[in-house]
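The values are calculated or read from the model by the stated rules, or taken from the named source; none is laboratory data. Remember, predicted model here, so these are calculated numbers, not experimental data. Neighbour counts run over all protein chains shown; Cβ positions are idealised from the backbone, glycine included.
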Amino acid sequence: MSHSPCSSCTNLRCAATLLAASLTLSLAGTLSGCSRASATALPDPQVVATARQQIELIPPPAKSRYMAVHSLNGWENPYLTVQANMATLHITLADANPSQIGVGGMLRPVSARRQDVTVRLSDLPAALNAIPENSWPYGRVVAVEEAHGTPKSDEPSVRRNIENTVKTLNDLGVVVYDWTEGTPR
């Protein structure tokens, strides 16, 4: 979001490179020395406040649009898969080609625009801030799901991580769509 697309940045390769570079730069210093305890730490309130100002540039969520999606495969906004010691941020970059010809087909597959980034909860504001505005077609809403096949011993950690994720997203002014329950929080 810190980069507004110009005429030279409208292609998909530039958007993907920009996203990868932004995430790499914003997370590079914090990912070294990762430990299990720090993976569930809440972000610094100052970082959240700064990120909230940028995220507020994204329009409010359009409930009529995102409530009509019944599969994460059809979800176009960012979504999170929360695990015991990390979360995976799934991002679908907007299609740079405005033509409706071949959308989602063999020459323009949606999966080619999908980016999956593993983040710690403390780095979530910076990661969300690095996502281009055109990757939020439903507005400021993020779907959250629990990781599939979570071992019984990790369930309390996952629940705590989900609660912390929801708190962080709410502090950022982002509506949370609980994918497992099918309800906004």
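Data overview
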read-out: Number of positions in the range 140-185 that are in a loop (DSSP other than H, G, I, E, B) and at pLDDT 95 or above; value: 4
read-out: Subset tally (residues that are of a type in the set (S, T, N, Q) and in contact (Cβ under 8 Å) with a residue 40 or more places away in the chain) for the range 165-179; value: 2
read-out: Residue match in the range 125-146 (condition: surrounded by fewer than 19 Cβ atoms within 10 Å (Cβ to Cβ) and over 14 Å from the mean Cα position of the chain (by Cα)); value: yes
read-out: Criterion: surrounded by fewer than 16 Cβ atoms within 10 Å (Cβ to Cβ) and of a type in the set (S, T, N, Q) - qualifying residue of Thr168, Thr150; value: Thr150
read-out: Complete set of residues in the range 107-123 that are in a helix (DSSP H, G or I), out of contact with any strand residue (DSSP E or B) (no Cβ under 7 Å at 6 or more places or on another chain) and modelled with pLDDT of 90 or more; value: Ser122, Asp123
read-out: Matching option when the condition is buried (at least 16 other Cβ atoms within 10 Å of the Cβ), modelled with pLDDT of 90 or more and either more than 30 Å from Gly149 (Cα to Cα) or out of contact with any Phe, Trp or Tyr (no Cβ under 9 Å at 6 or more places or on another chain) (or both), among Ala39, Ala51, Ala16; value: Ala51
read-out: The range 63-84, subset assigned to a loop (DSSP other than H, G, I, E, B) and within 17 Å of the chain's Cα centre (by Cα), residue surrounded by the fewest Cβ atoms within 10 Å (Cβ to Cβ); value: Ser71
